[in-house]
Amino acid sequence: MTFRYYRDLRPTFTDRTQWALPAVLRHQAAVRPHAVWLDCPEERRTWTYAETLRAAERVGRSMLAAGAEQGDRVVLVAQNSSQFVRTWVGTAVAGLVEVPVNTAYEHDFLAHQVGTVEASLAVVDDVYAARFVAVAEAAKTIRKFWVIDTGHREEALQTLRAAGWDAAPWEELDEDATLPEVTEGLLPLPEVRPQDLASVLFTSGTTGPSKGVAMPHAQMYFFADECVSLVRLTADDCWMSVTPLFHGNAQFMAAYPTMVAGARFVTRSRFSASRWIDQVRESRVSVTNFIGVMMDFIHKQDPRADDADNPLRCVFAAPTASTILAPMRERFGIEAFVEVFGLTETSAPIISPYGEDRPAGAAGLAADEWFDVALVDPETDEEVPVGEIGELVIRPKVPFISSMGYFAMPDKTVEAWRNLWFHTGDALRRDEEGWFYFVDRFKDALRRRGENISSYELETSVLAHPAVVECAVIAVPADTEAGEDEVMVYVVLSEDGLPPTPEELYAHCESRIPSFAVPRYLRIVAEMPKTPSQRVQKAKLRALGVTSDTHDRLALTREA
C-alpha cells in the first residue's frame, strides 16, 4: 500500500535560527520597508513593515522599562485592533510571552488563566478592566495595566487604580518619551531565540481546567509558514481575517503568515456575512479564512449578480462545508478551498494540497517530512489497520515545531505526551490513498462556532447553582454543516426545596459562562448512568441525543 503525503512545504526562511518573530519582522522591514503589512480599515490606518518594527520596539522597550524581564507573561484581553497587533509584536521583540485571553471570559474562567500564567503585565480594552477587579486575587502578580480606549477609558483607569494597580493609557506604550536613557542610548532589547517561549494559548480542558499551551517562537513561525505553503501566499497577496486575534486562527494562521511572506494583513473587528464580499473588494483581498459556520452563513446570503467580481483566489476553511463547496467556488469565482487538521499543541501535521479536489470530508494528507503521524487504539497505543478509526497521535521530526507542553501543568504534559507521542484525543480514519478524515472526539471537549469549550469548566459553573447536585456536559450535533457542536447539559437536582425552573437554570448559566458556551439543551434527570467506578458514562448520554423531555433554550427564547 502506497500512501500519498503532503510534501509541498519548503520553509520561507531556510535558516532555522531565524524562526522567531523578531528576526522575521526585522528581515521584512529591511527588504520591503515601505510595503504595507498591517491594514486596519475601520481605523483608516495602515502600518508598513518599517513602521511596524519601530512600533514593536517602542512597545517592547516600554514594557521592559516598566520592570518586565525576559520570559515574563503579558495578558492581553482585547477585541481586534491595531493596538492588539502592536502589543503582540511588541511582546515578541522584548522577549516577553503573550497570553491572549478570550474576551468572553470573566469570573472563574478569567481567574484560572491569569492565575496559571502569573502574569506580570496586562493590556486590556477599557470595557474589560472591571473583570480583573473581580478576580483580584488571581491577578495579584500583575504590576501594571495599559488600557485601550473604546469609549470608557477614564472610568477603567479609575477602577484599576482604586483597586491598587498602576494603570495608564495604551498610548504610553507607543511613546518614545516613556523610555529611560542609558549610556548606549535606548534601552536594549534582548536576543530572542527560536526555542524561547513566545505565547501561551489556552485550549479546552476535559477532566480538568483548561490548559495553557506553551508555544515557542519556532512553532509559531512554523505554523505560520505551513499556512504560507497551504494557500501559496506571496508578497503580492492580501489576507483578510475577521476572526478574533486572541485565537490562533487569526494570529499565527493568518496575520503571521503574511509577515513571513511579506504580504499585507487586513484585520476587521468582527465577521459580517452580509458585508463580507464588500470587504473583500474594498481591501483587495486574495486570501481569507473561515471557521465553523461562517462559510454556511455566507452561502445563505442572497446572491448578487457581481458576486464573482472580486480578487479572492483562496479560502482556508476549517472545517470545509463540503456540500456547499462547489456552489461557493462557482458563485464567488474562488480558485481553491484548502484545509488542515492541526492543534495548538502540534501545528498542522495534516494538510490539503492546493487546488486539488479531495474526497468529501477529507482534511488532508500527512506532512511526513515534518511529523510522524499515526492512528492508534486509545487504550493500548497500538496502531489500528487502515480504514479503521483510531486516535490521532503525533510527534515532530524537527526541534520546537510543536509546543513545549502545558504551562505550569507538568502532570497534564506527561499525560498528553504518553509513549513519546502527543495524544490528540481526536478520532480519525485514514483511507488507502492516505487521506485523513475527522470522525469524532474521544475526549470530552466541545467545539462550537470556532470556540473550544471545556466540559469540565462548564460543569463546575453549573454545579455552583445550589440546587444542582450533579451535572454532565456533552456535545450534540449542530443542525448546520460545519457548525460543529451544540452544548447540552444533564443535571440532577437536589430533593430539598422547590426545584429551579429551566429558565432559572439557563439564567444561572448566562451569568457565569461565556455566551458561546451557554448550553442550548438542558435535560433534568433523576440519575446519571455510571461506570462501576462511579464515573458518568457520557457515551450513553451522547447516544441518547436530544430527547422529547429536553429543554431547548432557543425554543424558550422564542416563546418568551
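Bear in mind these aren't lab numbers, they're just calculated from the coordinates by the rules spelled out. Because the structure is predicted, anything quoted here is derived from the model rather than measured. Note that we place each Cβ from the backbone using ideal geometry, even for glycine, and neighbour counts take in every protein chain shown.
For Leu554 and Ala273 in one chain, what is 0.36 nm times their gap in residues minus the Cα-Cα distance, to one decimal in nm?
99.0 nm
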Using alpha carbons only, how many angstrom separate the centre of region 106-131 from the centre of region 353-411? 33
Share, in percent, of DSSP beta bridges within region 449-559 that are antiparallel, nearest 5: 75
Report, in deg cm²/dmol and to the nearest 500, the calculated mean residue ellipticity at 222 nm for the chain, where each DSSP H run with n ≥ 4 adds -39500 (n - 2.57) and the sum is divided by the residue count. -7500 deg cm²/dmol
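Need one number: % antiparallel among DSSP beta bridges in the chain, to the nearest 5.
55
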What is the sum of charges around Asp278, taking Lys and Arg as +1, Asp and Glu as -1, for the other residues whose C-beta is under 13 Å from the C-beta of Asp278? +1
With an 8 Å cut-off on Cα pairs and a minimum separation of 6 or more residues, tell me the relative contact order of the chain in percent. 12
Mind running the shape call on region 1-155? Use the C-alpha gyration tensor, a ≥ b ≥ c as the square roots of the eigenvalues: rounded below 1.5 for a/c, prolate if a/b tops b/c, oblate otherwise. prolate
According to a simple spin-label model (label point 7 Å from Cα along Cα-to-Cβ), what is the distance in nm between Asp236 and Glu504? 6.6
Using label points projected 7 Å from each Cα along Cα→Cβ, tell me how many nm separate Tyr354 and Arg10, to one decimal. 1.2
Might you report the magnitude of the Cβ-based charge dipole of the chain about its Cα centre, with Lys and Arg at +1 and Asp and Glu at -1, to the nearest 20 debye? 580
Treat the chain as a sphere of radius equal to its Kirkwood radius over Cα pairs and apply Stokes-Einstein at 25 °C in a medium of 0.890 mPa s; give the translational diffusion coefficient in µm²/s, rounded to a whole number. 100
Roughly how many nanometres apart are two label points built 7 Å out from the Cα toward the Cβ at Asp411 and Phe516? 2.9
